[in-house]
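To start, the structure under review is shown below, and the notes come after it.
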Amino acid sequence: MPNIVLLAPNGQVGFEVARAVAPLGNVSSLSRSDVDFSDIKATITKVEALDPALIINCAAWTAVDKAEAESVSCHLINAALPGALATLAKQKDAWLVHYSSDYVYPGHGTTPWQEDDVTGPLSVYGQSKLDGDIAVIEGTDKYLIFRTSWVYAARGNNFMRTMLKLAQSRDTLSVVADQIGSPTPARLIAQVTTLALQQVFTKERQKENASILSGIYHLTPKGYCSWCDFAAEIFSLASTHGMPLALKPEQLTAITTADYPTPAVRPANSRLNLNKLEHTFQVQLPSWQQQLALTFAELADKNI
Ligand SMILES: NC(=O)c1ccc[n+]([C@@H]2O[C@H](COP(=O)([O-])OP(=O)(O)OC[C@H]3O[C@@H](n4cnc5c(N)ncnc54)[C@H](OP(=O)(O)O)[C@@H]3O)[C@@H](O)[C@H]2O)c1
């Protein structure tokens, strides 16, 4: 069984990936209680000591607005760390899995972005994620970079949980309706990551050239919506599951990005084309509505 080192098992994606990849090898996790990842040298020493055949980097600076004022710290975690992990992976002939973002694209138009489209981040966070992708690609040959968007989960800080909390106490809510993307559950990211890694390891066992699978892949469910559509679907499912909400569906108001200014600029078009992932790994991605319904079933099960 290969040694797998996973960074940040307590984040939204890290929590799900830690469980999903367990059948693939001996998983060791490193979190903030082991080492502060902004100390890159100390982090690399810890990862190296675990002799990985696979490194999965779920760590990230995800505070998009805060990054505008703290670009150095953001860059350290989102770009310098993946770069150093790539160098280590190359030295050890290990695979590296890294996660990236729709925020690397310039956000205009309505056409879904393809992995090889020209990038053009609009924010410090977006630039740091792009720099991280470039550092991985330049640092090693055996990598999978999954660019995802609008991540949520039954646990952690995310839009779904924020909406549910707000709708319990407020009877009106205004949500942005001119940014379009795909809400992506952390669990789907973990499941698809595992599926892709199974194919990588199968190729390696068969002494085939697995590095042809290296690359950037978009990973979201199918279909697109606005944040306001996403909120409406959340409230509809909440009502189906009998969750008590103060907010009535007609009291949800669609607003524009201009009505809700934030320190970091968000892309209006976060649509990601999924063909490359579906074709390379022979997966069929489910719709975002089906994935949200599954997450609600999980919430209801656990009474979260
Ligand atoms: N969230 C989104 O909407 C979104 C959208 C597109 C792409 N992505 C990408 O998806 C990936 C996973 O995101 P996520 O939503 O799972 O993020 P998350 O929940 O914010 O998790 C990030 C993890 O990184 C850890 N971390 C950050 N700085 C650290 C440090 N200095 N030392 C040790 N640990 C540190 C955090 O630990 P603590 O909990 O201790 O702080 C946390 O466990 C990231 O690459 C992100 O850029 C996310």
Relative contact order of the range 132-198, please, whole-number percent, based on alpha carbon pairs below 8 angstrom and at least 6 residues apart. 36
Sorted from largest down, what three extents in whole angstroms do the Cα atoms of the range 187-286 have along their principal axes? 59, 35, 21
Once you have the Kirkwood Rh of the range 251-304 from its Cα pairs, apply Stokes-Einstein at 20 °C and 1.002 mPa s and quote D in µm²/s. 142
Note down the accessible area of Met1, probe 1.4 Å, to the nearest 10 Å². 150
Quick one: Debye curve from the C-alpha atoms of the range 137-201, no solvent, what's log10 I(q)/I(0) at q = 0.17, 0.25, 0.30 Å⁻¹? -0.78, -1.15, -1.28
How high is the relative contact order of the range 78-127, given as a whole-number percent (alpha carbon pairs under 8 Å, six or more residues apart)? 31
Where is the GNM fluctuation largest for the chain (alpha-carbon springs, 10 angstrom cutoff): Asp93, Asp178, Asp34? Asp34
Sequence of His279, His75, His108 when ordered by accessible area, the most exposed leading, probe 1.4 angstrom: His279, His108, His75
Taking only the C-alpha atoms, wrap a convex hull around the range 1-68 and report its volume per residue in Å³ as a whole number. 83
Along each of its three principal axes, how wide is the spread of alpha-carbon positions in the range 1-142, in whole angstrom units, largest first? 46, 30, 27
Excluding ligands, DNA and RNA, the carbon-plus-sulfur percentage of the accessible area of the range 209-304 with a 1.4 Å probe reads 53
Any idea what the relative contact order of the chain is, in percent, if you count C-alpha pairs under 8 Å spaced at least 6 apart? 21
Please report Rg (one decimal) and Dmax (integer) in Å for the Cα set of the chain. 19.2, 60
First compute the accessible area of the range 1-103 with a 1.4 Å probe, then give the percent of it belonging to carbon and sulfur atoms. 51
Report the accessible area of Lys90, computed with a 1.4 Å probe over the heavy atoms of all protein chains in place, in Å² rounded to the nearest 10. 110
Please give me, ordered by residue number, the GluC sites (Glu not before Pro) of the range 207-279 that lie in loop per DSSP and have at most 10 other Cβ atoms within 10 Å. none
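Pairs Lys41/Lys92; Lys66/Lys142; Lys46/Lys276; Lys92/Lys203; Lys66/Lys129: which are spaced more than 23 Å apart, C-alpha to C-alpha? Present the calculation step by step, with values, prior to reporting the outcome.
On the way: Lys41/Lys92 16 Å; Lys66/Lys142 32 Å; Lys46/Lys276 34 Å; Lys92/Lys203 18 Å; Lys66/Lys129 15 Å.
Over 23 Å Cα-Cα: Lys66/Lys142; Lys46/Lys276.
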Accessible area, probe 1.4 Å, largest first, for residues Arg205, Arg19, Arg155, Arg271: Arg205, Arg19, Arg155, Arg271
For the chain, with every protein chain kept in place, what is the accessible area per residue (1.4 Å probe, Å²)? 44
Whole-number value, in Å³ per residue, for the convex hull of the alpha carbons of the range 77-158 is 114
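Write down the Kirkwood hydrodynamic radius of the range 40-83, to one decimal in angstroms, obtained as one divided by the mean of 1/r over all alpha carbon pairs.
11.6
The values are calculated or read from the model by the stated rules, or taken from the named source; none is laboratory data. The shown structure was predicted, so the numbers you read here are calculated from the model rather than taken from an experiment. We place every Cβ from the backbone using ideal geometry, glycine too, and count neighbours over all the protein chains shown. Only protein heavy atoms, including side chains, enter the accessible area calculation; ligands, DNA and RNA are left aside. Shrake-Rupley method; radii C 1.70, N 1.55, O 1.52, S 1.80 Å.
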